[in-house]
Protein chains: 6
Amino acid sequence: MLTHVIDEELQLVLLEPHHAAEFFAVIDANRAHLHPWMIWLEGTNSPEDTLAFIRSNLADVAAERDMALALRYRDQFVGMIGAHDKKHKTKSCDIGYWLAHDMQGRGIVTRAVKAFIHLLFNDYGFQRLTIRCAPHNKRSRAIPERLGFTQEGTLRRIALMLGDTPNAPPQLTDLVMYSLLDYEYHRLPWSQQPDTTINIGD
Amino acid sequence: MLTHVIDEELQLVLLEPHHAAEFFAVIDANRAHLHPWMIWLEGTNSPEDTLAFIRSNLADVAAERDMALALRYRDQFVGMIGAHDKKHKTKSCDIGYWLAHDMQGRGIVTRAVKAFIHLLFNDYGFQRLTIRCAPHNKRSRAIPERLGFTQEGTLRRIALMLGDTPNAPPQLTDLVMYSLLDYEYHRLPWSQQPDTTINIGD
Amino acid sequence: MLTHVIDEELQLVLLEPHHAAEFFAVIDANRAHLHPWMIWLEGTNSPEDTLAFIRSNLADVAAERDMALALRYRDQFVGMIGAHDKKHKTKSCDIGYWLAHDMQGRGIVTRAVKAFIHLLFNDYGFQRLTIRCAPHNKRSRAIPERLGFTQEGTLRRIALMLGDTPNAPPQLTDLVMYSLLDYEYHRLPWSQQPDTTINIGD
Amino acid sequence: MLTHVIDEELQLVLLEPHHAAEFFAVIDANRAHLHPWMIWLEGTNSPEDTLAFIRSNLADVAAERDMALALRYRDQFVGMIGAHDKKHKTKSCDIGYWLAHDMQGRGIVTRAVKAFIHLLFNDYGFQRLTIRCAPHNKRSRAIPERLGFTQEGTLRRIALMLGDTPNAPPQLTDLVMYSLLDYEYHRLPWSQQPDTTINIGD
Amino acid sequence: MLTHVIDEELQLVLLEPHHAAEFFAVIDANRAHLHPWMIWLEGTNSPEDTLAFIRSNLADVAAERDMALALRYRDQFVGMIGAHDKKHKTKSCDIGYWLAHDMQGRGIVTRAVKAFIHLLFNDYGFQRLTIRCAPHNKRSRAIPERLGFTQEGTLRRIALMLGDTPNAPPQLTDLVMYSLLDYEYHRLPWSQQPDTTINIGD
Amino acid sequence: MLTHVIDEELQLVLLEPHHAAEFFAVIDANRAHLHPWMIWLEGTNSPEDTLAFIRSNLADVAAERDMALALRYRDQFVGMIGAHDKKHKTKSCDIGYWLAHDMQGRGIVTRAVKAFIHLLFNDYGFQRLTIRCAPHNKRSRAIPERLGFTQEGTLRRIALMLGDTPNAPPQLTDLVMYSLLDYEYHRLPWSQQPDTTINIGD
């Protein structure tokens, strides 16, 4: 398994085809929890759909387009984090994430987002990272606010979310735009934390 | 020549390969004026470069990606307007434009942007249009403000502009984000103006 | 709408996806009239088929292959004109056209073919244009004969036309070949007519 | 070597990459003879150019597009014959050929064209074959006339031939169009000649 | 028909689309005989399947990948021979073949393999040829042993063969690896036999 | 960094573009040591070459073709291991590896090959793994022999190795073929060793 090791409990995993069934089961168990924010739920109804996503994501990673990594906590898949809308010329990208319902409250997302930000600034050379959250999704907004992001404004009717009922069409929602620039990151206390990859048993 | 007719003086033209030399001459005569906002100036140094752009734009138009149209005023090319970053799922896109220096002050851009907005909402079915301007580019910001757009915030270090001197590297600049939604547009007085295409001599 | 303006009444339109339903309706109302000459009728049975044609034509135009333009007369689609079999090395192509049944007798095709020939010789640089007609299609043959084309011969069993009954297979037909060369065109009185694009209200 | 055997002396050969040097030598020795009819001479200046042609022709044959076969006479390459402009819908194609200068006068081309016509009608199912010759190329015109083709007319300025001097640009030439239809072929005495492939030693 | 002529009775034929029905009939008549060695039998159930194979093989030949040629004996298709796993860098490939049941005992395969080896070493420049046979397929193993190949070893569970019953899954089988190197070939008496292509009536 | 963790000291790393310079330096420092076995040394003369390899390998991994992973020992790159010639139908592939000169004698390759074999049998579902070594490369042959592979035979002149001097052409070498089948693996004592990925600090 190819992983970015955060600590003994938590890793970011590059999903491969043989993970499809196991990862789909996590998604399937969290449908109600992920609704209505995760528009891709509509097209994810079987392990084959997850297999197709995994293959597509590997091709994206290979081409330095989007990069999604699974969250693995105590040897179980519990969510996902990804870099989207990469603009290589302006060195910016957008971070998205989700966590299984029964894993909330353990600081998993905060730890994962921090580690992912280390990667994006230090290894991949990005200069501007954004996180976009629905205005009333307080749990999600807490992440960028806690990590020192700046709120830039609210983009109106910019993203799709699932309809309230199974047959309802997707709806457009506003998103609050948060950003963190490279020089801001380097002034944040948590940016100095060494990359703990591997030498975790010390 | 394939045109969207705004009025007897002003048209939007779909550039074709045989326009390359004529259109390049307009760009070349406006280098100082377009600097530093037009990052593509760096790669536009001959009619062949403009020819390559024209072919690329035609392929984009055919595939319903970006669409750039030349501004033609009194039988001369004087600038350009385009729809970029089209998101077909959320029905949004971003409008950009430039005008030759000696054509300023005649209301050309305002007329062209209005006509283009009519097309984007009425013919192409977009629901959210944006215009992004550098904070201190007052002439450019006047357009969305005059047309009833809403200022949503300032995206920091989001776009490239050319360096101050010929050999200086491009620099990142902030952009103020303005948007206009379809239902807002329909309430604006100028949206009711009939599409004057063709029956212009009446 | 992107048009080549012939005069206040008549324009050539580059069809875009949002025109599919309106243009299909014209085709569908003219099935009996277009039969048996228009072999593509067989594959045009819904607005989706016309949409596919429109997308294919846009890709062809972008790549400087075939170019079909709709005839628009008094704000209605009434037919089509196109350049086919473009040979860029020998600078030759073949012109085809059709007109709705109830629009015949107004000189629409003659005006459209003249304007299209202006474009092909003057803007696109072709040197040889051909029109090919079934031997007994007198109405169609009258066009190249009236415009000064030269009859070169009859190509035998060179094109498909639809069978007489719905289930009959397509049949091969002869075509009379007419051509007009660039230096012949420039000696024709009607070639001197200025391109009226846009300044039509004067 | 993959061949269509006409008789003990003469075969049609599907060129493969290892034939490039040998076949280029024949072309190179016939430059003056093939000028000005063979426009591709301009781009054939080394065995590598012939190798590229061979690979391109193999890909065309595999895709049922053009098919060129070398003439091999008494174990030497002496020319080429090909089917071009295949139209699978109307089952028509055009035949072209050339012969080395010092092989003229032995009936090689007539034998090769007959055998190729057998293949095109009987094995590949074409229904209309054409041969196009420059008006004043009497030697070339004698072939279709002798084989029972019908002269349909003269297409004006339809093909390129090389300029008279090395630096002169290519020029457009007229071509006389000859055709032979399947039912005409079957009435010709020479069409009844059995396909002699292989059992040639009897 | 494009053939490599071995002698008056036997040729190697490059299959083309119009051979699909005739060649499929031979396969279909030999299903029991070819089972279980020919894993591709599973996917060959109609002339259309053979047509798809023929097109795929032509594309492979054109790209200098695999090359399969049909065995034609006394004007009938009776089997196939092919070069697979071509490694152009190391100039090696693997030879496979099959023969119709009622054609066994006439030396057809031996003659065909010899002729094919001549082609592969002399025309295509390979330096190492292999033949791989199932350990208990004595008839197949007799070919490389008779032709002077060296047995290198047995590769275990390296190839698929069909299951014993129609619904049984394919099974893995061992293969004995035989090879013949170019310098070994040139010392074999039968390598000096002249290539008889064409001049077979002498 | 995406890694398969073997233990605290040793990991297998999926190289990404930002590793190019660091990894090239290891190759460059081991040229004499890797010569003549590593034929790709010829084409690896700058960090850009390594960058191209990294991108190509990522595309291969994404498409489930070849998969190469770097060996990382005590936070330094020290070699590479890879799965090549994957045959998904027969579930077999070939393992290759190299180690930096000054890292020999610490059991790194044995540990890495074991871990890689665990992955290939348990995660990827292969059923036959091979290791091929030059006959006189005793150090390399010791690996499969120590791990319980079976020697199947010697494939003659099957692989390229670099010439003895800088300008000498590559030469063909024999390779001894070793294989390990899935059921053999499961009977080996070392196959029972738990996959230590991640929970390495315990």
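Remarks
- Residue within the range E:37-47 that is surrounded by fewer than 18 Cβ atoms within 10 Å (Cβ to Cβ), at pLDDT below 95 and among the charged types (D, E, K, R) present: yes
- Test for E:PRO166: is it over 20 Å from the mean Cα position of the chain (by Cα) and closer than 30 Å to D:LEU15 by Cα: no
- Index of the failed condition, B:TYR183 passing every other in (1) at pLDDT below 95; (2) within 14 Å of chain A (Cβ to nearest Cβ): (1)
- Flag for D:ILE131 being surrounded by 18 or more Cβ atoms within 10 Å (Cβ to Cβ), closer than 24 Å to C:ASP174 by Cα and not hydroxyl-bearing (Ser, Thr, Tyr): yes
- Residue check, F:THR130 within 14 Å of chain E (Cβ to nearest Cβ), touching a residue at least 12 places away in the same chain (Cβ under 8 Å), within 19 Å of F:HIS84 (Cα to Cα) and out of contact with any Lys or Arg (no Cβ under 6 Å at 6 or more places or on another chain): yes
- For E:GLU42, the conditions (1) within 14 Å of chain D (Cβ to nearest Cβ); (2) over 15 Å from the mean Cα position of the chain (by Cα); (3) not small (Gly, Ala, Ser) all hold with the exception of (1).
- If you go through the range D:38-61 and keep only what is closer than 26 Å to D:ALA134 by Cα, part of a helix (DSSP H, G or I) and in contact (Cβ under 8 Å) with a residue 40 or more places away in the chain, you end up with D:ILE39, D:LEU41, D:GLU42, D:ASN57.
- Residue within the range B:50-63 that is surrounded by fewer than 18 Cβ atoms within 10 Å (Cβ to Cβ), away from chain C (no Cβ under 12 Å) and out of contact with any strand residue (DSSP E or B) (no Cβ under 7 Å at 6 or more places or on another chain) present: yes
- Flag if E:HIS33 is under 17 Å from E:ILE81 (Cβ atoms) and not hydroxyl-bearing (Ser, Thr, Tyr): yes
- Going through (1) hydrophobic (A, V, I, L, M, F, W, C); (2) in contact (Cβ under 8 Å) with a residue 12 or more places away in the chain; (3) buried (at least 18 other Cβ atoms within 10 Å of the Cβ) one by one, B:ALA21 falls short only on (3).
- Taken over the range F:1-37, the criterion of being within 14 Å of another protein chain (Cβ to nearest Cβ) and in a loop (DSSP other than H, G, I, E, B) is satisfied by F:MET1, F:LEU2, F:ILE6, F:ASP7, F:GLU8, F:GLU9, F:LEU14, F:LEU15, F:GLU16.
- Counting the residues of the range D:103-127 that are on the phi > 0 side of the Ramachandran plot and within 14 Å of chain C (Cβ to nearest Cβ) gives 1.
- Flag if F:MET80 is free of Cβ contacts under 8 Å to residues at least 60 places away in the same chain and either within 14 Å of chain E (Cβ to nearest Cβ) or farther than 30 Å from A:PRO17 by Cα (or both): no
- Condition check for A:THR150: crowded, with 19+ Cβ neighbours inside 10 Å, among the β-branched types (Val, Ile, Thr), within 14 Å of chain B (Cβ to nearest Cβ) and without any contact (Cβ under 8 Å) to a residue 60 or more places away in the chain: no
- Residue, nearest to E:LEU51 (Cα to Cα), within the range E:1-18, restricted to residues that are surrounded by fewer than 19 Cβ atoms within 10 Å (Cβ to Cβ) and in contact (Cβ under 8 Å) with a residue 60 or more places away in the chain: E:GLU9
- Residue in the range D:111-123 that is surrounded by fewer than 22 Cβ atoms within 10 Å (Cβ to Cβ) and either free of Cβ contacts under 8 Å to residues at least 12 places away in the same chain or under 24 Å from D:ASP28 (Cβ atoms) (or both) present: yes
- Subset of the range C:1-33 (residues that are polar (S, T, N, Q) and in contact with a strand residue (DSSP E or B) (Cβ under 7 Å, 6 or more places away or on another chain)): C:THR3, C:GLN11
- Which listed residue, of C:THR173, C:THR197, C:THR165, is modelled with pLDDT under 95 and surrounded by 14 or more Cβ atoms within 10 Å (Cβ to Cβ): C:THR197
- Among the residues examined, C:ALA159 qualifies as within 17 Å of the chain's Cα centre (by Cα), of a type outside the set (D, E, K, R) and farther than 23 Å from D:THR173 by Cα.
The values are calculated or read from the model by the stated rules, or taken from the named source; none is laboratory data. Quick caveat, the model's predicted, so the values are computed rather than measured. Here Cβ is always computed from backbone atoms with ideal geometry, including for glycine, and neighbour counts include all displayed protein chains.
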